[in-house]
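Below is one structure, written out as structure tokens; comments come after it.
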Protein chains: 2
Amino acid sequence: MTATPSTPAELSGPTGVPCLTTVENTAPAVLAARCAELTRPAHPHQEVYGQYCTIHEYVDCPPDDAYAYLRQGHHLEEWTFSLRNFEPAGTPGLWVGDDLLEAGTRIYCRVESNAEARTVDFHCAWDQGEQLWMIYLMRVVPAEPVLGRPGSVITWTNCRHPYYDANPRPELAPGPDRAWVGAYWDLFYAGHTVEMSNLKAILEHRSHNSLPVSVPPRSAVAAADPGSK
Amino acid sequence: MTATPSTPAELSGPTGVPCLTTVENTAPAVLAARCAELTRPAHPHQEVYGQYCTIHEYVDCPPDDAYAYLRQGHHLEEWTFSLRNFEPAGTPGLWVGDDLLEAGTRIYCRVESNAEARTVDFHCAWDQGEQLWMIYLMRVVPAEPVLGRPGSVITWTNCRHPYYDANPRPELAPGPDRAWVGAYWDLFYAGHTVEMSNLKAILEHRSHNSLPVSVPPRSAVAAADPGSK
């Protein structure tokens, strides 16, 4: 089948693309029946969270404050379960810290954010900083237009890169017994939910109490007062 | 409990925010056990898709092409099941078309996109264009960094605005028997999956066959050749 998308006749009729389901070839009632079939009372964990893992949370904090907090990588030390002690890794924009989930494990991280779309992407990897393949895609969405209430909706998506299933650089592990990050993939839904609850708690606590939502990096504080460390 | 986030002692220690779950107060093994409890073999439909509905799809089409296609609102006439006949609605950037899912139903739409983050948000509403509360949040993510393969991952999120459950302007319906869009919320996962399959089919068909991925608006074609309509 050859598509001829440059002729008006083709454009004003079908697209020339096979296998589309549209009102031109499927009655709404037929689509509704097909959708009802696809909609089951429960969905297996692997189907929902096996390849991609997205979680959502409503946070009662203005979107600009939530975005400003999220995009500053040092705040990972507050809201994640186990990322700590970030410091510059040499390359501009690249940071390295500890993932205290596993002893001796270093995590490299670069934050890419966009103020207009309020996307915040954490490009990370365990053990090395040359290829950042553990990517946490987050976005702060103003809740007013999408939910009719003040505050923010925060979304968080991970995609199952093949390296989760096979460590490409096992020789960089601090020891032979160190578990691989991919061993936790099936727990990402739960683990990220716990961390999103931390994020919500921090943002709402500070916002409700009129405290500054963002705080200085702990390392900068330590640097200003070396005796405190 | 009063937080004192402005003192170094507070900053270098706990955040002063109650109810956080972190490695400082929870052993990794305890977190793992808690996560294992939260991770069930299957998740009820309402828990996964009741308040937010996100779907994901891998598309074998370069992200720049996929983004350029998605952000042009007239392509909704190709990849959606039933949105057709868009024309300018008067206000700059606002379009109005037909949702052929329900007879006589007009849909208003404004597209907000960001080329750097590759987000494409469709702000829509049935019956009126003053408050666009049906918001389709989409994003084209380059697949290479997140999945280690060429192409794109497309994500699509809807949030359950209260108007899905109660039409704020029932007097604008074309007739008393017209079903409300919110009656379809529980089918969004399935219906959007069908439409995402259309989107994938179109992008891959054109990309694989070296055809232009984006096509001119049908209405412009009709305008250039009035006899064709």
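For peptide A:197-206, compute the average count of partner chain beta-carbon atoms within 10 Å of each residue's beta-carbon.
Per residue, the number of nearby Cβ atoms from other chains is 4 on average.
Taking each residue in A:77-85, count the Cβ atoms of any other chain within 10 Å of its Cβ, then average. What number comes out?
4
Summing +1 for each Lys or Arg and -1 for each Asp or Glu, what net charge is found among the other residues whose Cβ lies under 15 Å from the Cβ of B:ASP186?
Around B:ASP186, the charge tally is 0.
With θ set to phi - 60° and the Karplus curve 6.51 cos²θ - 1.76 cosθ + 1.60, what are the ³J(HN,Hα) couplings of segment A:16-29 in order, to the nearest whole Hz, using x for Gly and Pro?
Each residue's phi maps through the Karplus curve to give x, 9, x, 6, 7, 10, 9, 4, 6, 10, 9, 5, x, 5 Hz.
Do the sum for chain B: with -39,500 (n - 2.57) for every DSSP H run of n ≥ 4, divided by all residues, what is the mean residue ellipticity at 222 nm, to the nearest 500 deg cm²/dmol?
So the helix-based figure for chain B works out to -8000 deg cm²/dmol.
Which whole-number percent gives the relative contact order of chain A, counting Cα pairs below 8 Å spaced six or more residues apart?
Once divided by the residue count of chain A, the mean separation gives 21 percent.
Just from the alpha-carbon atoms, what are the Rg and Dmax of chain A in angstroms?
22.5, 77
Can you give me the angle between helix A:188-208 and the longest principal axis of chain A, using Cα atoms only, in degrees from 0 to 90, rounded to the nearest 10?
Helix A:188-208 and the main axis of chain A meet at about 70 degrees.
Which whole-number percentage describes the relative contact order of segment A:51-159, with Cα contacts under 8 Å and a sequence gap of 6 or more?
Once divided by the residue count of segment A:51-159, the mean separation gives 30 percent.
Taking K and R as +1 and D and E as -1, what net charge do the other residues with C-beta under 13 Å from the C-beta of B:ARG110 add up to?
Summing Lys and Arg as +1 and Asp and Glu as -1 gives -2.
Express in nm, to one decimal, how much length is gained between A:LEU38 and A:GLN128 on full extension, taking 0.36 nm for each residue of separation and deducting their alpha carbon distance.
28.2 nm
Could you check the simple spin-label distance between A:GLU87 and B:ASN209, using points 7 Å along Cα→Cβ, in nm with one decimal?
Here the modelled spin labels are 5.9 nm apart.
Packing-wise, with mean Cβ within 10 Å as the measure, how do A:63-69, A:182-188 rank, highest first?
Descending packing order for the listed peptides: A:63-69, A:182-188.
Starting from the amide H of A:LEU94, placed 1.01 Å from N in the peptide plane, find each other amide H under 5 Å away whose residue is 5 or more places distant or on another chain.
A:ALA89
The numbers here are math on the coordinates, done by the rules we state, and not lab data. Quick caveat: nothing in here was measured; it's all calculated off a predicted structure. Don't worry about glycine lacking a Cβ; one is built from the backbone with ideal geometry, like all the others, and counts go over all protein chains shown.
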